[in-house]
Amino acid sequence: MDKSQKIIPNLWFDGNAKEAADYYLSIFKDGKILQTTYYPNSEAEGLADFQKDLAGKVLTVEFEILGMRFIGINAGPEFKFTEAISMMIPCKNQEEIDFYWDALTANGGEESVCGWLKDKFGLSWQICPENWDDTLKKPGAFKKMMGMKKLIIADF
């Protein structure tokens, strides 16, 4: 395992971490599953009484997309994703923006504003041009951005 990435985002899921990892790998073609761990099968192995229905099921899925490692953990319904954190994808052109936008809003994802969206698991993403800083320096760019959902480079 590559230890060069010092911070690894852990994403909390309610029983569907493997489904989420597979979904992200279907979008980010260079991705891969690095490791899967499972809940123990018995109390003797550390499983509490209230966790017995989890015995042998997926606990974590470590995966990599775009060269970055993530861990998806199946930890229950207590916590949900919010817009307080998002994953930004700097895109080289409109075609790439369109691809990620369409893929991540498909099957239950939600469009937001200013290039933000939520995927079908509720994780927030920002899909923007890789020269975003320069784009925002153009006169009127901020106002234009505020009126968009998916960002259209030609409209800036």
>> I need a count of the residues in the stretch 56-90 that are more than 18 Å from PHE121 (Cβ to Cβ) and in contact with a helix residue (DSSP H, G or I) (Cβ under 9 Å, 6 or more places away or on another chain).
In response: 1
> Pick from ALA44, ALA20: which is assigned to a helix (DSSP H, G or I) and either among the polar types (S, T, N, Q) or modelled with pLDDT under 90 (or both)?
Replying inline: ALA44
> Which ones in the stretch 90-137 are surrounded by fewer than 19 Cβ atoms within 10 Å (Cβ to Cβ), touching a Cys at 6+ places or on another chain (Cβ under 9 Å) and among the hydrophobic types (A, V, I, L, M, F, W, C)?
Replying inline: PHE99, CYS114
>> Quick check on LEU104: is it of a type outside the set (Lys, Arg), at pLDDT 95 or above and outside any strand (DSSP E or B)?
In response: yes
> Here are some residues: LYS52, LYS29. Which one is within 26 Å of LEU151 (Cα to Cα), exposed (fewer than 14 other Cβ atoms within 10 Å of the Cβ) and modelled with pLDDT under 95?
Replying inline: LYS29
> Conditions: (1) more than 30 Å from GLN51 (Cβ to Cβ); (2) in the same structural domain as ILE27 (by TED's automatic domain parsing); (3) in contact with a strand residue (DSSP E or B) (Cβ under 8 Å, 6 or more places away or on another chain). GLY67 meets all but one. Number of the miss?
Replying inline: (3)
> Would you say PHE28 is in the same structural domain as PHE142 (by TED's automatic domain parsing) and of a type in the set (Phe, Trp, Tyr)?
Replying inline: no
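The values are calculated or read from the model by the stated rules, or taken from the named source; none is laboratory data. What you see is a predicted model; the values in this text were computed from it and never measured. For neighbour counting, all protein chains shown are included, and Cβ atoms are generated from backbone atoms with ideal geometry for every residue, glycine included.
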